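The values are calculated or read from the model by the stated rules, or taken from the named source; none is laboratory data. No experiment lies behind these values; they were computed from the predicted model shown. Cβ placement follows ideal geometry from the backbone for every residue including glycine, while neighbour counts extend to all protein chains displayed.
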Amino acid sequence: MELKHLNTFLTIVQEGSFSKAAGLLNYTLPAITVQIQQLEAELSMKLFEKIGRQMVLSPAGKELVPYAQDVLLSVAKLRNLNASLQQLEGTLTLAAAETQLCYRIPSVLKRFREKAPQAKLVLRSMNCYEARDALISGSVDLGVYYEDVNGNQNSLICHEIETCSLSLVASPSTKESFPDFITPDRHLDVPFLIDEPNCIFRQIFEQYLKEHRITLGHTIELWSIPTIKNLVENDMGISFLPTFTVRDELEDGRLCSIPTSPGLAARQIAAVCAHHKNKWVSPLMELFIQLCLNQDSAQGSH
């Protein structure tokens, strides 16, 4: 029996369809179908039934789910046995949202290196959706991202690190020209500088604009938060960012906060450190999770 067939089977169950599983695992739909057919032939049981246009788990398929999870978990433990015996050695692969990677977890990474100097740390900067999908597919060990993403997260265990407030910011001169983002039904001819479309805080602010029927001049997409902040400081437009990323600039007056409606002003997003529920939590993973959970005490209040 091939382990990849069991992994494919569980991914279909988690994602709810063959096509979504194929996309997540980077297989073609025919390849997914063949794997399931081979697994069914080996087990001599039908795992899925076609109800209307949908493929749903058969009674035998439902029975197989916990057994498949146990097998893959046991294999993960065997593969990590050497790392377990050596304690804090081995490789930890981490996916992180850019704002967390730039501003929140450098201190965690420093303490991780101090406590596990022999460990190899692989870092990947991803948006929240990419980090979630990488965890589900098993291509990374841990993900640090914002939990406010749509999709099936039943397969993930999320440890909340912090809740983050959000701020609409501009330079003092830009705020002078555009001080009101509360009054609805208006066009404001000011650029919006922000990350790519799958950015969580971008989606939150664009929904706010839609609800208030406010339109802006245009959107400038950039992939670097420091670059966005620098351009906003230099009167290039406005941005909507986690407050911790602009705290220094707000305190010294390089940026100003623009008032929004009470609902948006009170909106927070939750940062989490997550892993797949079926993944064996290695000593390196446990260390990193604990350092994330304890980062407040190490760097002071936010």
Open item on the list: Looking only at helices (runs of 4 or more DSSP H) that lie completely in segment 1-57, which have at least 3 residues being surrounded by fewer than 12 Cβ atoms within 10 Å (Cβ to Cβ) and outside the structural domain of Leu156 (by TED's automatic domain parsing)?
Closed with: 29-43
- [ ] Name the one entry in Leu72, Leu92 that is of a type in the set (A, V, I, L, M) and modelled with pLDDT of 90 or more.
- [x] Leu92
Open item on the list: For segment 233-259, give me the residue count where each residue is farther than 13 Å from Arg202 by Cα and touching a Lys or Arg at 6+ places or on another chain (Cβ under 9 Å).
Closed with: 11
TODO: Look through segment 141-199, keep the residues that are over 26 Å from Ser282 (Cα atoms) and of a type in the set (Phe, Trp, Tyr), and return whichever of them is nearest to the chain's Cα centre (by Cα).
DONE: Phe192
TODO: Using the structure shown, decide if Leu264 is over 30 Å from Leu73 (Cα atoms), touching a residue at least 24 places away in the same chain (Cβ under 8 Å), surrounded by 14 or more Cβ atoms within 10 Å (Cβ to Cβ) and touching a strand residue (DSSP E or B) at 6+ places or on another chain (Cβ under 7 Å).
DONE: no
Task: Among the residues listed as Ser224, Ser177, the single one being of a type in the set (Gly, Ala, Ser) and modelled with pLDDT of 95 or more - done: Ser177
TODO: Just name the residue that is farthest from the chain's Cα centre (by Cα) out of those in segment 216-244 that are more than 19 Å from Tyr146 (Cα to Cα), among the polar types (S, T, N, Q) and surrounded by 13 or more Cβ atoms within 10 Å (Cβ to Cβ).
DONE: Asn230
